[in-house]
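Note sheet for the following structure.
The values are calculated or read from the model by the stated rules, or taken from the named source; none is laboratory data. Keep in mind the model is a prediction, meaning the values are calculated, not measured. Because the Cβ atoms are built from the backbone with ideal geometry, glycine has one as well, and the counts that use them run over all protein chains shown. Heads up: the accessible areas ignore ligands, DNA and RNA and are worked out on the full protein's heavy atoms, side chains in. Shrake-Rupley method; radii C 1.70, N 1.55, O 1.52, S 1.80 Å.
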Amino acid sequence: MSNSFVLVVDDEKEIRDAIEIYLKNEGITVIKAKDGIEAIEKLKEHEIHLIILDIMMPRLDGISTTFKIREEKNIPIIMLSAKSEDTDKILGLQVGADDYVTKPFNPLELIARVKSHLRRYISLGTYEGGNKVIDLNGLTLDQSAKEVTAHGEVVKLTPIEYKIVELLMTNAGRVFSINDIYERVWKEPNFNAENTVAVHIRKIREKIEIDPKNPRYLKVVWGIGYKMEK
């Protein structure tokens, strides 16, 4: 994890400093910001590989900050929330976050999630089978360019969304359960991850399908899971 740069954004100095200590012990360089406005400035000044972003902040909150970041960058975003309700977690995922951690958090859990997302981001597109181009009747995956094209237009996917699409497209026709998708993409055991996967699937459909409510490509197999139609 050396040479990795993580931007920690939280209005509480104690939390920023604590996370910095945890990550520095893993050889990760930490850049800190106290709100979304400062975070966006830091992104212009530094090469950042992952963002840890609090939802509730003054001036520019985590939700609005994520919207702005996603206009240009697909850096992994882990959201911090002081609330445990599913609605807050789902909202964060809907606006483009890749993961969430609820405060108060276990430092070991946060470190594990950071390292997992960094590995995926830095080595994006390393599924078995090598670099190739897959076309499913207008939906194209270019593993070498790490790029997905739908209906002739490049689709802007987050790193997690890309990995889900890559998993399903490289195994077109095969049905994957929510548990399979989570463990293969997030690289960790599935603990109540149904909402997490479902939100990402919905966001992918909004980006690749002409009519997300009647998907052509990403199909649900009721009671089993999801597949990419051949």
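Data for the structure
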quantity	calculated
Selected residue (only one of Thr140, Thr126 is more than 12 Å from the chain's Cα centre (by Cα), modelled with pLDDT of 90 or more and not charged (D, E, K, R))	Thr140
Test result for Leu7, in contact with a Ser or Thr (Cβ under 9 Å, 6 or more places away or on another chain), part of a strand (DSSP E or B) and in contact (Cβ under 8 Å) with a residue 12 or more places away in the chain	no
Filter result (in a helix (DSSP H, G or I) and open to solvent by less than 30 Å² (accessible area, probe 1.4 Å)) within the range 199-230	Val199, His200, Ile201, Ile204, Ile208
Extreme residue, most open to solvent (accessible area, probe 1.4 Å), among residues of the range 14-32 that are out of contact with any helix residue (DSSP H, G or I) (no Cβ under 6 Å at 6 or more places or on another chain) and among the basic types (Lys, Arg)	Lys24
Only one of Val114, Val101 that is under 18 Å from Arg16 (Cα atoms), part of a helix (DSSP H, G or I), touching a strand residue (DSSP E or B) at 6+ places or on another chain (Cβ under 9 Å) and open to solvent by less than 20 Å² (accessible area, probe 1.4 Å)	Val114
Scan of the range 33-57 for residues that are open to solvent by 20 Å² or more (accessible area, probe 1.4 Å) and of a type in the set (D, E, K, R), ordered by number	Lys34, Glu38, Glu41, Lys42, Lys44, Glu45, Glu47
Meets criteria (in a loop (DSSP other than H, G, I, E, B), surrounded by 11 or more Cβ atoms within 10 Å (Cβ to Cβ) and not aliphatic (A, V, I, L, M)) for Lys187	yes
